[in-house]
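Let me begin by presenting the structure, written as structure tokens, before commenting on it.
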Amino acid sequence: MALFVAIEIDDVARGALVRAMGDLAAAGPQLRLERPEKLHVTVAYLGKVDTQRLDAFEDALARAADACPPFAIEFDCLGPFGDSRKPRIIALRCSRPQPGFAACAAAVRAQYEALGVVFEHEALAHVTVARARNGLGTLARIETELPCILAVRELALFESVPAGPTTRYERRSTAPLQTTRSRR
């Protein structure tokens, strides 16, 4: 099974993103919009995991979440994300560093590195909203301001399940971020 740790998007942020996605749909057929129920902030992609290790991965999620106090992510722009030479993704992004997210991602990655997971990319707070097969072309120069603050109170472990030409995400477990009681 393919697993990843993510932050679920609340209804307010999801509504704002769906409205922005409607504007993107008018940009042309070269974009494939993500389904609203798939919108999330990836904290760590864990890759293929043997089902027999699921309990250990759920325990690692709980330990990582307990090490992170609640925080907020301030997303403030919608635009190209990823390969700067030929971007293929449009994402809700942050123009400024997000220390709460960075600290949480580091705690998550430390727990999973102890289980043998190797991470290839830096964790950057973003929500993928659309993809383009052949690059974004002129859309790569278009950015729309979209202020959105996401309060983060828990982490989730998701499985990415093949669903025809795409995937669907199934939540395997959740873990609340550090509580007042556990900070003492």
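The values are calculated or read from the model by the stated rules, or taken from the named source; none is laboratory data. Computed from a predicted structure; not experimentally measured. All Cβ positions, glycine included, derive from the backbone under ideal geometry; neighbour counts span all protein chains shown.
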Fill in: residue 59 being over 15 Å from residue 126 (Cβ atoms), of a type outside the set (Phe, Trp, Tyr), modelled with pLDDT of 90 or more and in a helix (DSSP H, G or I)
yes
Discussion item. So residue 8 passes all but one of these: (1) surrounded by 19 or more Cβ atoms within 10 Å (Cβ to Cβ); (2) touching a helix residue (DSSP H, G or I) at 6+ places or on another chain (Cβ under 6 Å); (3) within 16 Å of residue 174 (Cα to Cα). Which condition number does it fail?
Written reply: (2)
Worksheet item: With respect to residue 174, is the statement that it is surrounded by fewer than 18 Cβ atoms within 10 Å (Cβ to Cβ) and at pLDDT below 95 true?
Response: no
Practice prompt. Residue by residue through the range 18-57, note down the ones that are surrounded by 15 or more Cβ atoms within 10 Å (Cβ to Cβ) and closer than 20 Å to residue 153 by Cα.
Written response: 38, 39, 40, 41, 42, 43, 44, 45, 57
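If the requirement is being without any contact (Cβ under 8 Å) to a residue 60 or more places away in the chain and out of contact with any His (no Cβ under 7 Å at 6 or more places or on another chain), which of these qualifies: 38, 48? Break it down into steps so the answer makes sense when it comes.
Values: 38 fails: without any contact (Cβ under 8 Å) to a residue 60 or more places away in the chain.
Selected residue: 48, the only one of 38, 48 that is without any contact (Cβ under 8 Å) to a residue 60 or more places away in the chain and out of contact with any His (no Cβ under 7 Å at 6 or more places or on another chain).
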Discussion item. Looking only at residues that are modelled with pLDDT under 90 and under 18 Å from the mean Cα position of the chain (by Cα) in the range 142-166, which one is surrounded by the most Cβ atoms within 10 Å (Cβ to Cβ)?
Written reply: 148
Fill in: Test result for residue 81, farther than 19 Å from residue 147 by Cβ and either touching a His at 6+ places or on another chain (Cβ under 7 Å) or of a type in the set (Phe, Trp, Tyr) (or both)
no
Worksheet item: So is residue 108 part of a loop (DSSP other than H, G, I, E, B) and modelled with pLDDT of 95 or more or not?
Response: no
Fill in: Filter pass, residue 139 being surrounded by 18 or more Cβ atoms within 10 Å (Cβ to Cβ), more than 16 Å from the chain's Cα centre (by Cα), modelled with pLDDT under 90 and not in a loop (DSSP other than H, G, I, E, B)
yes
Discussion item. Within the range 68-116, take every residue that is without any contact (Cβ under 8 Å) to a residue 40 or more places away in the chain and within 13 Å of the chain's Cα centre (by Cα) and give me the one that is surrounded by the fewest Cβ atoms within 10 Å (Cβ to Cβ).
Written reply: 102
Practice prompt. Give 115, 78 a once-over and let me know the one that is part of a strand (DSSP E or B) and either touching a helix residue (DSSP H, G or I) at 6+ places or on another chain (Cβ under 6 Å) or over 30 Å from residue 22 (Cβ atoms) (or both).
Written response: 78
Practice prompt. Go through the residues of the range 71-81 one by one and say whether even a single one is among the small types (Gly, Ala, Ser), at pLDDT 90 or above and within 24 Å of residue 114 (Cα to Cα).
Written response: no
Worksheet entry | Checking residue 121 against (1) under 25 Å from residue 68 (Cα atoms); (2) surrounded by fewer than 21 Cβ atoms within 10 Å (Cβ to Cβ); (3) over 15 Å from the mean Cα position of the chain (by Cα), the condition it does not meet | (3)
